[in-house]
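Below: the structure, in structure tokens.
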Amino acid sequence: MSGRLLSVEEYRALGETDRGFTELVEGRVVPSPGAGRRHNMAACRLAGQLERQLPRGLAFALGTDLDLQLAPHGEPGFSRRPDLLVFDRAAVARVGDLIRADEVAVVIEIVSPGSRRTDYRVKHDEYADAGIPHYWIIDIGEPVSLVACRGYQDAPAVTGTFATDVPFPVKLDLDALLS
């Protein structure tokens, strides 16, 4: 890439790389650190727990690009690839487009050793700026914990079982994400 800043549309047209995945931050293509086996297992187990509890109007996806809609169309943009998204099921019908921030109910990031500051600070602020109403940060260190950010006020970290009624009723066994 020439160093030119990319719009979300131009970034999407690049397709996948052969060296892991990337994200788009203020028009710059940024490589993302590898997640690792524990991280990937936790993401899959979390998806399994969520799938059984999601209301009919919502869907989820693992590792899917998200247009944060922080820049006007055609301007240098932002596209992140959260570990898991819960979004309006109607977005599934839009073939070829990225999931958009205004379609998302919850973004979930699982903290990796190389992503701690990005997950807790940078993405926290970007998701808030994008108007995503709920952001859950799961740390798979011992003990496994979840910080729920709603209205971008962070609740205290929860261990053991996370239960909430917003944005939908769900109960997650955090310890089961690694066992």
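Check whether at least one residue in region 165-177 is surrounded by 21 or more Cβ atoms within 10 Å (Cβ to Cβ) and either under 12 Å from the mean Cα position of the chain (by Cα) or part of a loop (DSSP other than H, G, I, E, B) (or both), and report yes or no. Within region 165-177, none of the residues are surrounded by 21 or more Cβ atoms within 10 Å (Cβ to Cβ) and either under 12 Å from the mean Cα position of the chain (by Cα) or part of a loop (DSSP other than H, G, I, E, B) (or both). For region 81-93, check the following and say yes or no: at least one residue is closer than 24 Å to residue 15 by Cα, among the β-branched types (Val, Ile, Thr), without any contact (Cβ under 8 Å) to a residue 24 or more places away in the chain and part of a helix (DSSP H, G or I). Scanning region 81-93, I find no residue that is closer than 24 Å to residue 15 by Cα, among the β-branched types (Val, Ile, Thr), without any contact (Cβ under 8 Å) to a residue 24 or more places away in the chain and part of a helix (DSSP H, G or I), so the answer is no. Within region 92-125, being among the small types (Gly, Ala, Ser) and either on the phi > 0 side of the Ramachandran plot or surrounded by fewer than 18 Cβ atoms within 10 Å (Cβ to Cβ) (or both) holds for 93, 96, 114.
Out of contact with any Gly (no Cβ under 9 Å at 6 or more places or on another chain) and assigned to a helix (DSSP H, G or I) - does that describe any residue in region 62-71?
Scanning region 62-71 turns up no residue that is out of contact with any Gly (no Cβ under 9 Å at 6 or more places or on another chain) and assigned to a helix (DSSP H, G or I).
Could you go through region 91-114 and let me know if any residue there is among the basic types (Lys, Arg) and more than 28 Å from residue 169 (Cβ to Cβ). Scanning region 91-114, I find no residue that is among the basic types (Lys, Arg) and more than 28 Å from residue 169 (Cβ to Cβ), so the answer is no. The residues on offer are 36, 27, and the sole one that is on the phi > 0 side of the Ramachandran plot and in contact (Cβ under 8 Å) with a residue 60 or more places away in the chain is 36.
Against the numbered list (1) free of Cβ contacts under 8 Å to residues at least 12 places away in the same chain; (2) in a helix (DSSP H, G or I); (3) of a type in the set (D, E, K, R), residue 12 comes up short only at (1). Checking residue 3 against (1) more than 16 Å from the chain's Cα centre (by Cα); (2) surrounded by 15 or more Cβ atoms within 10 Å (Cβ to Cβ); (3) free of Cβ contacts under 8 Å to residues at least 24 places away in the same chain: exactly one of these is not met. Which one? Only one criterion is unmet by residue 3, namely (2).
We did not get these values from a lab; they are worked out from the coordinates using the rules stated. Here the structure is a predicted model, which means the values were calculated and not measured. Every residue, glycine as well, gets a Cβ built from its backbone with ideal geometry; the counts of neighbours run over all protein chains shown.
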